[in-house]
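First comes the structure, then the notes that go with it.
The values are calculated or read from the model by the stated rules, or taken from the named source; none is laboratory data. All figures in this text were calculated on a predicted structure; none of them were measured in a lab. Please note: Cβ atoms are built from the backbone with ideal geometry, for glycine as well, and neighbour counts cover all protein chains shown. Protein only, heavy atoms only, side chains kept; ligands, DNA and RNA dropped before computing areas. Shrake-Rupley method; radii C 1.70, N 1.55, O 1.52, S 1.80 Å.
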Amino acid sequence: MENMNQDITQKTYKKLCFEVATSNLSFCVIDLISNKIITHKSYAFNQNNVLEEEFWKIFVENPILEEKYDDVIVLHNSNLNTFVPSSLFDPNYLGSYLQYNSKVFETDYFAYDYLDTYDLNNVFIPYTNINNYLLDHYDTFDYKNCNSIFVKKALDFSKNNDAKQVWVHFQKDRFEIVVTKNKHLLLFNTFIYKTLEDFIYYLLFTYEQLQLNPEIVPVQFVGDISEESDSFKIAYKYIRNCSLLDVSHLKTAFNVDEKDLLKHFILFHS
């Protein structure tokens, strides 16, 4: 949280955002006045190493991470989450919402993000070891689940559109899928896939279950995907209106190329 008594001369007008998972980390520094991305980097972890060791190396390599920031945001890129409407939500029973779609343990720590515009709560299990590591480096930071950002942006984009729309955040081993209709969340789900056939099966299965016509209902992709990738080509083969989210208008605003805008869409909108 920003300190309300912070002396204006102490402000840096910069925000540091992390996106962390057990296998990788990305970060960016945002200029809060121009909203441009000052710098951004991504790292894949050596799975044989201890996570803290991988973090230590990244901090050594990037002195910029030790600078002062007005805000530090940490996004947990995890599929251990579920969305609950406020009408059904009780913060005293967070674990009960996750037990149907994730393996939860007595020792798990639960958190939630409140999407105030849409009266939704995203209950998730944060990476406590990552939070603990970062607490040694920053006095305070806010942390969220990546899917809170993704769902909020999909709902924002669906405003005034009474047709159903499908949104996919594509990653190397899984993808998140959101179905919206004029600011209403009809579906959120995560699928882990190993092959292209897995991916297209789950995507078309979602269309079938929600009775969405692949000849009519469009799907838009963000994440680690391009029109040249096999995953996009196979989706295009079966779904008539298949496209990458148009981020061209953000190129100048963020001062980043389109490929990175798609890949780090969630990080840059944190």
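Scanning segment 43-61 for residues that are within 17 Å of Tyr127 (Cβ to Cβ) and either among the charged types (D, E, K, R) or open to solvent by less than 60 Å² (accessible area, probe 1.4 Å) (or both) yields Tyr43, Phe45, Asn49, Leu51, Glu52, Glu53, Glu54, Phe55, Ile58, Phe59. For segment 28-45, filtered to residues that are among the hydrophobic types (A, V, I, L, M, F, W, C) and within 15 Å of Trp56 (Cα to Cα), the residue that is farthest from the chain's Cα centre (by Cα) is Phe45. Within segment 185-209, residues that are under 25 Å from Tyr118 (Cα atoms) have Cβ atoms under 6 Å from residues that are hydroxyl-bearing (Ser, Thr, Tyr) and modelled with pLDDT of 95 or more in these pairs: Phe191/Tyr202, counting only partners at least 6 apart in sequence or on another chain. Look at segment 228-251: where a residue is closer than 21 Å to Lys153 by Cβ and a partner is hydroxyl-bearing (Ser, Thr, Tyr), sitting 6+ places away or on another chain with Cβ atoms under 7 Å, you get Phe232/Ser226; Cys242/Tyr236.
Right, Leu185: part of a helix (DSSP H, G or I) and within 21 Å of Asn77 (Cα to Cα) or not? No. Just one of (1) open to solvent by 60 Å² or more (accessible area, probe 1.4 Å); (2) in contact with a Lys or Arg (Cβ under 6 Å, 6 or more places away or on another chain) fails for Gln211. It is (2). For segment 35-71, the set of residues classified as within 22 Å of Asp139 (Cβ to Cβ) and assigned to a loop (DSSP other than H, G, I, E, B) consists of Asn62, Glu67, Lys68, Tyr69, Asp70, listed by residue number. Six or more apart or on different chains, Cβ under 6 Å: which pairs go from a residue in segment 74-103 that's more than 30 Å from Ala44 (Cα to Cα) to one that's at pLDDT 95 or above and of a type in the set (Asp, Glu)? Could you list them? From residues that are more than 30 Å from Ala44 (Cα to Cα), the pairs are Ser86/Asp119.
Being of a type outside the set (Val, Ile, Thr) and in a strand (DSSP E or B) is the filter here, so list the residues in segment 212-240 that pass it. Explain how you work it out, then say what you get.
Of all residues in segment 212-240, those of a type outside the set (Val, Ile, Thr) come to 212-215, 218, 220-221, 223-224, 226-233, 235-238, 240.
Selection gives Gln220, Phe221, Gly223.
For segment 148-174, the tally of residues that are outside any strand (DSSP E or B) and either modelled with pLDDT of 95 or more or farther than 24 Å from Ser231 by Cβ (or both) stands at 18.
Scanning segment 241-252 for any residue that is touching a Pro at 6+ places or on another chain (Cβ under 8 Å) and assigned to a strand (DSSP E or B) turns up at least one such residue. In segment 96-106 there is no residue matching the filter, namely being modelled with pLDDT of 95 or more and basic (Lys, Arg). Please state which of the following conditions Ile200 fails to meet, knowing it meets all the rest: (1) in contact with a Leu (Cβ under 9 Å, 6 or more places away or on another chain); (2) over 21 Å from Phe83 (Cα atoms); (3) among the hydrophobic types (A, V, I, L, M, F, W, C). Condition (1) is where Ile200 drops out.
Can you tell me how many residues within segment 23-82 are of a type in the set (Ser, Thr, Tyr) and under 20 Å from Lys172 (Cα atoms)? Before the answer, list the steps.
Keep residues of segment 23-82 that are of a type in the set (Ser, Thr, Tyr), which gives 23, 26, 34, 39, 42-43, 69, 78, 82.
In the following step, the residues that additionally are under 20 Å from Lys172 (Cα atoms) were identified as 23, 26, 42-43, 78.
Residues in segment 23-82 being of a type in the set (Ser, Thr, Tyr) and under 20 Å from Lys172 (Cα atoms): 5 in total.
From the list Phe205, Phe199, the one residue that fits, being open to solvent by 50 Å² or more (accessible area, probe 1.4 Å) and either part of a helix (DSSP H, G or I) or hydroxyl-bearing (Ser, Thr, Tyr) (or both), is Phe205.
Just the residues that are of a type in the set (Ser, Thr, Tyr) and open to solvent by less than 30 Å² (accessible area, probe 1.4 Å), please, taken from segment 120-148. Selection gives Tyr138, Ser148.
Looking only at segment 87-119, filter to residues that are surrounded by fewer than 17 Cβ atoms within 10 Å (Cβ to Cβ) and of a type in the set (Ser, Thr, Tyr); which one of those is farthest from Ala21 (Cα to Cα)?
Start the filter on segment 87-119 by keeping residues that are surrounded by fewer than 17 Cβ atoms within 10 Å (Cβ to Cβ), which leaves 87-88, 90-93, 95-96, 99-101, 103, 105-109, 114, 116-117, 119.
With the extra rule that they be of a type in the set (Ser, Thr, Tyr), the set shrinks to 87, 93, 96, 100, 107, 109, 114, 117.
Numbers: Ser87: 31, Tyr93: 25, Ser96: 24, Tyr100: 22, Thr107: 20, Tyr109: 16, Tyr114: 21, Thr117: 27 Å.
This residue is Ser87.
Can you tell me which residue within segment 23-40, out of those that are touching a helix residue (DSSP H, G or I) at 6+ places or on another chain (Cβ under 8 Å) and loosely packed, with under 14 Cβ neighbours inside 10 Å, is modelled with the lowest pLDDT? Looking at residues that are touching a helix residue (DSSP H, G or I) at 6+ places or on another chain (Cβ under 8 Å) and loosely packed, with under 14 Cβ neighbours inside 10 Å, I get Asn35.
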